[in-house]
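Worksheet: the structure to be examined is printed underneath.
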Amino acid sequence: MPPKPRNIHLPAGKAFPTASPAPTSSSSYLPTKPPYPSWKPPKAHLARYASFSPDTLASASAPYPYSALGEGEGSSSRQGPAFVPPQAPQLPKRRQPAFNPGGFGMQSAPQPAPGFGDWLRKGNGKVLTEVERRTEEIRKEELVQEGRPVTRDGQEEAEACYIPPPATQKFHSPDPLPLLYSPDPLPPYTIAYETWGTLDASRSNAILLHTGLSASSHVASNGNDVSASTSSKPGWWEDFVGPGKAIDTNRFFVICTNTLGGCFGSTGPSSPLPGGESDVRWATRFPLLSIHDMVRGQLGLLDHLGIDKLYASVGSSMGGMQSLSLAYMAPERVGRVASISACGRAGLGGVGMRYAQRSVLMADPNWNRGFYYDGVPPHSGMKLARQIATITYRSGPEWEQRFGRRMLSEKEGSVPSLSPDFLIETYLDHQGERFCLTYDANSMIYLSKAMDLFDMTSPALQALAERYAKAYPSGPAFPFPTDPITVSASSTTSDPASSSLGLAEDPAQLKRNERFIPTSKSPHLKELAQGLRRLREIPTLVLGVQSDVLFPVEQQRELADALKLAGNERVTYYELGGVWGHDTFLLDVQNVGGAIRGFLH
């Protein structure tokens, strides 16, 4: 039986004309005189997508302007420029058709997923407590199976995520943030941060720590001006930061931020959408971020704290990228740079692994193209993505030492099962389950993409600088790779005379380069050296790990050699052994901590 034709239901006495001459344009289909169909103004956060208003139906003009929306119909009492969000990234097309439970033509879309409030009202509130209890049991079981002591949560896996309480310090920028990949700036933003130690009278003992992808600003316990519950909780770098430790808080004033795009207090995809209702989030309307955008936000925090120059900028993994970016964008504000288990340009092996993580996450039906905050989060996709990531964080030799080929079924005297049975399987299952309950999926997508886009070679920086200059001709600079250090992202003006000179070639350095034999065989070495010339006066520590599969040690060799070719004569390079892989920077207190201590002191 063919489906019935769709009818347009209008209020009584308000129908469109039934007889009219042949249309010559789209406006011929519109009513030419009152009465019109009933119309209500859209919500504020949807106003820019409104179609036609009563005043524009007759003339078929442009969509109803956001700036003219008032409290009632047709009101023009609300004035001022419209909120135009920055350009959101292009999302992949849907990969599966709409769900049709009754067959084709019976139903075009599934019923909307129940919201989180509905889930709680059905009596499921105790499930959250049960999940937390079971997670703790799994953690303790793993420690016993591995023959390790049962420690307090957060010590055995230093990168465990942490949700900061409202007492965490926050910097609210009154100014928008220019973005490299969006012609529109990010509206006034927030950065969550914590501090340790005391800033001296000259304000010259500050160290800025940059985090990895999933870490919060809580790097260590006993922070300044935070709640007692926060201060007593161990941080993700607890063994490295504190009195008498590698980064000595008796001597240094330490700052750590939750990066922009994160979900632990800083502005990100889960933050409220400006101009919308309080429960409307950015989601995937959030603009694409770069590592340089995150660093520009940190410069605003340093201005707020009154710190003109850092004693050191220290970062690991994604944070190591940020430490290099900060020295490039504002070299006059950085005294030393430490880049640990990072790189000067994202390697394609890491790009591929992060793409695989994003792919399985976005394949989760609950991801809903990023608009899942009013429904069920994409826990299955997040769990699988974290399992892939965890494999890249460690190494095969460590798995052999920790787990071997031991199986739960052997301990129970039963046959192997298809469910997690090997201890390595139960470990990955636990890591994925814990992560999907504590981290925002959209933040993982945005920050991992920012890591993929990181490239400090001269052609890449040149292209970014040209794009930025075109989009923000009067804003704070994004330096060209040939600009002298007087051109800085931390100021709106620069010295035109110095800028026109650029970075001149040093004849003595050219002779030294002729004698220099690099250890890296990278074909991009020369281009990377040209991109890092603005760092040639800054002492730099580069630390690599031979068992790292996510950031292979070749990338740290490439970075150290490029800095030396750029003219930096104060490059310290350490290459560590061990079996911990990428997570060595979290676990090897003796070697990583010793290298940092020696470099800073």
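Does residue 211 satisfy the condition of being over 26 Å from residue 392 (Cβ atoms) and among the polar types (S, T, N, Q)?
No: the conditions fail for residue 211.
Looking at 541, 587, 528, 563 in this structure, which one is open to solvent by less than 70 Å² (accessible area, probe 1.4 Å), at pLDDT 95 or above and over 19 Å from residue 459 (Cα atoms)?
The unique qualifying residue is 541.
Kindly indicate whether any position in segment 212-228 is modelled with pLDDT under 95, surrounded by fewer than 19 Cβ atoms within 10 Å (Cβ to Cβ) and either within 21 Å of the chain's Cα centre (by Cα) or within 23 Å of residue 271 (Cβ to Cβ) (or both).
yes
Out of 344, 349, 315, 320, which single residue is modelled with pLDDT of 95 or more and open to solvent by 20 Å² or more (accessible area, probe 1.4 Å)?
Going through 344, 349, 315, 320 in turn, the sole match is 349.
Only one residue in 250, 205, 222 is free of Cβ contacts under 8 Å to residues at least 40 places away in the same chain and more than 24 Å from residue 175 (Cβ to Cβ), so which one is that?
Of 250, 205, 222, the one residue that is free of Cβ contacts under 8 Å to residues at least 40 places away in the same chain and more than 24 Å from residue 175 (Cβ to Cβ) is 222.
Residue check: is residue 405 free of Cβ contacts under 8 Å to residues at least 24 places away in the same chain and among the basic types (Lys, Arg)?
Answer is yes for this residue.
Condition check: open to solvent by 40 Å² or more (accessible area, probe 1.4 Å), over 17 Å from the mean Cα position of the chain (by Cα) and modelled with pLDDT under 95. Does residue 488 satisfy that?
no
Quick check on residue 558: is it closer than 30 Å to residue 487 by Cβ and of a type in the set (Asp, Glu)?
Judged against the criteria, residue 558 is a match.
Based on this model, can you work out whether residue 558 counts as of a type in the set (Asp, Glu) and either surrounded by fewer than 23 Cβ atoms within 10 Å (Cβ to Cβ) or not in a helix (DSSP H, G or I) (or both)?
In short, no.
What tally of residues in segment 364-403 results from selecting those that are more than 18 Å from residue 439 (Cβ to Cβ), among the small types (Gly, Ala, Ser) and open to solvent by 10 Å² or more (accessible area, probe 1.4 Å)?
Selection size over segment 364-403: 1.
So how many residues does segment 245-264 have that are part of a loop (DSSP other than H, G, I, E, B), more than 23 Å from residue 361 (Cβ to Cβ) and either out of contact with any Lys or Arg (no Cβ under 9 Å at 6 or more places or on another chain) or of a type in the set (Phe, Trp, Tyr) (or both)?
Final tally of qualifying residues: 4.
For segment 571-581, state whether one or more residues are open to solvent by 30 Å² or more (accessible area, probe 1.4 Å), part of a helix (DSSP H, G or I) and in contact with a Ser or Thr (Cβ under 8 Å, 6 or more places away or on another chain).
no
Within segment 232-279, how many residues turn out to be surrounded by fewer than 24 Cβ atoms within 10 Å (Cβ to Cβ), modelled with pLDDT of 95 or more and among the polar types (S, T, N, Q)?
Qualifying residue count for the region: 2.
For segment 352-362, give me each residue that is open to solvent by 10 Å² or more (accessible area, probe 1.4 Å) and either in contact with a strand residue (DSSP E or B) (Cβ under 6 Å, 6 or more places away or on another chain) or not β-branched (Val, Ile, Thr) (or both).
Across segment 352-362, the qualifying residues are 352, 353, 354, 355, 356, 357, 358, 359, 362.
Which pairs turn up if I take residues in segment 314-342 that are among the aromatic types (Phe, Trp, Tyr) and look for partners that are buried (at least 24 other Cβ atoms within 10 Å of the Cβ) with beta carbon separation below 6 Å, at least 6 apart in sequence or on another chain?
Short answer, once both residue conditions are applied: 328/534.
Yes/no matrix, rows are residues, columns are (1) within 22 Å of residue 89 (Cβ to Cβ); (2) among the polar types (S, T, N, Q); (3) touching a helix residue (DSSP H, G or I) at 6+ places or on another chain (Cβ under 7 Å):
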site: 415; (1), (2), (3): no, no, yes
site: 437; (1), (2), (3): no, no, yes
site: 441; (1), (2), (3): yes, no, yes
site: 450; (1), (2), (3): yes, no, yes
site: 455; (1), (2), (3): yes, no, no
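Can you confirm whether residue 267 is farther than 23 Å from residue 172 by Cβ and either touching a Ser or Thr at 6+ places or on another chain (Cβ under 6 Å) or not in a loop (DSSP other than H, G, I, E, B) (or both)?
For residue 267, the condition - farther than 23 Å from residue 172 by Cβ and either touching a Ser or Thr at 6+ places or on another chain (Cβ under 6 Å) or not in a loop (DSSP other than H, G, I, E, B) (or both) - is not met.
Check 303, 308 and return the single one that is in a helix (DSSP H, G or I), open to solvent by 10 Å² or more (accessible area, probe 1.4 Å) and in contact (Cβ under 8 Å) with a residue 12 or more places away in the chain.
Answer to the check: 303.
The values are calculated or read from the model by the stated rules, or taken from the named source; none is laboratory data. A quick note: this is a predicted structure, and the numbers were derived from the prediction, not measured. Methodologically, a virtual Cβ is constructed for each residue, glycine included, from the backbone with ideal geometry; neighbour enumeration extends over all protein chains shown. Please note that ligands, DNA and RNA were not included when accessible areas were found on the heavy atoms of the full protein model with its side chains. Shrake-Rupley method; radii C 1.70, N 1.55, O 1.52, S 1.80 Å.
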